[in-house]
Amino acid sequence: MVLKAKHLIVCLIGCLALMTGMCVISAGAMETEDCLECHDDYGAQFAGSAHAEEGCEACHSVTDDHPDDGETPGKESCETCHEDTNEAFAGSIHGESAVCTDCHNPHVIKGLKPGSESCNMCHEDTYEEYAGSLHAKNASCVDCHNVHGANSLSAASDFDKNELCVGCHKGVGHSEWLPREKLHMQGAPCISCHTDSKGYVINMYVEKKKDIRPGREGIVNPATFEDLSKMTKEKGVQSLIDNNSDGSITLAELREFNLHSEYKKDVRLWSVLAPKTVSHNYGIFHDRRDCSFCHASGPKAMKTSFVAFPNQDGTYSRVSVEQGAPLDMLFATPDFYMIGSGRNDILSLLGLAIILGGAGAAMLHGTFRLLTRKNRRKH
């Protein structure tokens, strides 16, 4: 009987200790409601946010003595929950100069700050330029830019850029005023004509001559990283043209690729006239309807060129080509010729002199015959 009483007392003491411990733990653990007693400025907004279900403690850690301990609450990394997004962000140009909270406020409903506070914070000049364009009323920055996987302009192909435009402007044509519309659309991205960009370069892409997907006949068919890897194997895709792998392509290497390369039966180079630096002033510029805007630009627009090779992640790496290479149309770029691109100021002046000289000689001859007609009649 005494033994049972002792056991009962021990059990009661144990239960009491357990209940006391639970009360202590409960009192020491900070709940969201506890946080909002002091941080009530976030209350209504945070309650409607996606993070509300997780609670404050999911991102912030505090001690039992908070806030009297004077320590700043710890913060978990966003990648704990957003691993895929964080991986893309870490490899982007944004990942080098910004953190998540520069653009996202985790305490509000949508979490994304207005453009004036996010994109505008780093891209002020671009934002002001875009605000005055036709696009600003209908599209925000994130409609065209993948902010978590943002890359440089050269990392995206000109054909991918066109796909973005087609997303909203599907079916828009130019056949009413532009001859050979399809060829022009393949040779110049939308931004070449519909932005107020200054300066142009030639981007060359490796195009497959066969295995064109159904429905894409007559459309540029760029070779993928996998396509070129099968051809070049362990040498790397850039070795397709850059024979010595020095990171630049000479005129001789271009000629070799076009005339004698073992790959020429399967692929060729397709060239595109693209802006050197893209303006964000989108609109309709009537001077682009003047053929001379592109075709009378002469060698200036053709001096700088690149070959864009696909990477495994879908981006592109541009390799610079020897200056003036596209002007060698017979051997360097036999599949690309822009009428008027071979214009030369000296030859133009020489041609003008010949025309004026011929016309002047004819006029002089006619004038001389007119003045001497009486003498010729006598004889």
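The values are calculated or read from the model by the stated rules, or taken from the named source; none is laboratory data. Every value quoted in this text rests on a predicted model; they were computed, and no experiment measured them. Here the Cβ is made from the backbone with ideal geometry for all residues, glycine too, and neighbour counts use every protein chain on show.
Show the residue pairs that are 6+ apart or on different chains and have beta-carbon atoms under 8 Å apart, the first residue being within the range 155-179 and touching a residue at least 40 places away in the same chain (Cβ under 8 Å), the second being part of a loop (DSSP other than H, G, I, E, B).
Final answer for the pair search is A155/T315; A156/T315; D158/P189; F159/P189; F159/V220.
Which of the residues spanning the range 133-145 are assigned to a loop (DSSP other than H, G, I, E, B) and touching a residue at least 24 places away in the same chain (Cβ under 8 Å)? Break it down stepwise before answering.
Looking only at the range 133-145, we keep the residues that are assigned to a loop (DSSP other than H, G, I, E, B), and these are 133, 138-140, 145.
S133, N138, A139, S140 - these are the residues of the range 133-145 that are assigned to a loop (DSSP other than H, G, I, E, B) and touching a residue at least 24 places away in the same chain (Cβ under 8 Å).
Could you say whether any residue in the range 294-306 is in contact with a strand residue (DSSP E or B) (Cβ under 8 Å, 6 or more places away or on another chain) and aliphatic (A, V, I, L, M)? Give the steps one after another, and end with the answer.
Narrowing the range 294-306 to residues in contact with a strand residue (DSSP E or B) (Cβ under 8 Å, 6 or more places away or on another chain): 294, 297, 301-302, 304-306.
Applying the additional criterion that residues be aliphatic (A, V, I, L, M) yields 301-302.
Yes.
Please work out which residue is surrounded by the fewest Cβ atoms within 10 Å (Cβ to Cβ), limiting yourself to the range 155-187 and to residues that are in contact with a strand residue (DSSP E or B) (Cβ under 7 Å, 6 or more places away or on another chain) and in a helix (DSSP H, G or I).
F159
Given A188, A131, which one is within 27 Å of H286 (Cα to Cα), out of contact with any Pro (no Cβ under 8 Å at 6 or more places or on another chain) and assigned by TED's automatic domain parsing to the domain that holds Y316? Reasoning before the result, please.
Values: A131 fails: assigned by TED's automatic domain parsing to the domain that holds Y316.
The match here is A188.
Considering only the range 213-227, state which residues are at pLDDT below 85 and either over 20 Å from E181 (Cβ atoms) or surrounded by 14 or more Cβ atoms within 10 Å (Cβ to Cβ) (or both).
The first filter runs over the range 213-227 and keeps only residues at pLDDT below 85, leaving 213-220.
The answer is R213, P214, V220.
Before we move on, is H123 more than 17 Å from V220 (Cα to Cα) and modelled with pLDDT of 90 or more? So that I can check it myself, show each step before the final result.
Numbers: more than 17 Å from V220 (Cα to Cα): yes; modelled with pLDDT of 90 or more: yes.
Yes; evaluated as a whole, the condition is true for this residue.
How about the range 262-302: which of its residues are of a type in the set (S, T, N, Q) and at pLDDT below 85?
So the first thing to find is which residues in the range 262-302 are of a type in the set (S, T, N, Q), and the list is 271, 277, 279, 281, 292, 297.
Selection gives S292, S297.
Give me the residue from the range 242-261 that is touching a Ser or Thr at 6+ places or on another chain (Cβ under 9 Å) and closer than 27 Å to H295 by Cβ and, out of that set, modelled with the lowest pLDDT.
Top of the filtered list is N258.
Can you list residue pairs whose Cβ atoms sit under 8 Å apart, with the first residue in the range 306-318 being farther than 9 Å from S157 by Cβ and the second being of a type in the set (D, E, K, R) and assigned to a strand (DSSP E or B)? Count only pairs 6 or more apart in sequence or on different chains.
F306/R318; V307/R318; F309/R318
For the range 270-311, which residues satisfy the criterion of being touching an Asp or Glu at 6+ places or on another chain (Cβ under 6 Å) and of a type outside the set (F, W, Y)? Quick ask: steps written out before the conclusion?
Our first condition is that a residue be touching an Asp or Glu at 6+ places or on another chain (Cβ under 6 Å); within the range 270-311, this holds for 270, 272, 274, 279-281, 293.
Result: V272, A274, S279, H280, N281.
Report yes if S271 is assigned to a strand (DSSP E or B) and in contact with a Ser or Thr (Cβ under 8 Å, 6 or more places away or on another chain), otherwise no.
Considered against the rule, which asks whether it is assigned to a strand (DSSP E or B) and in contact with a Ser or Thr (Cβ under 8 Å, 6 or more places away or on another chain), S271 comes out as yes.
Starting from residues that are assigned to a loop (DSSP other than H, G, I, E, B) and surrounded by 15 or more Cβ atoms within 10 Å (Cβ to Cβ), keep the ones in the range 40-81 and report whichever is modelled with the lowest pLDDT.
Of the residues in the range 40-81, the ones assigned to a loop (DSSP other than H, G, I, E, B) are 48-49, 54-55, 59, 62-73, 76-77, 81.
So of that shortlist, the ones also surrounded by 15 or more Cβ atoms within 10 Å (Cβ to Cβ) come out as 49, 55, 59, 62, 66, 73.
Working: S49: 82, G55: 84, C59: 83, V62: 74, H66: 80, P73: 69.
Among those that are assigned to a loop (DSSP other than H, G, I, E, B) and surrounded by 15 or more Cβ atoms within 10 Å (Cβ to Cβ), it is P73.
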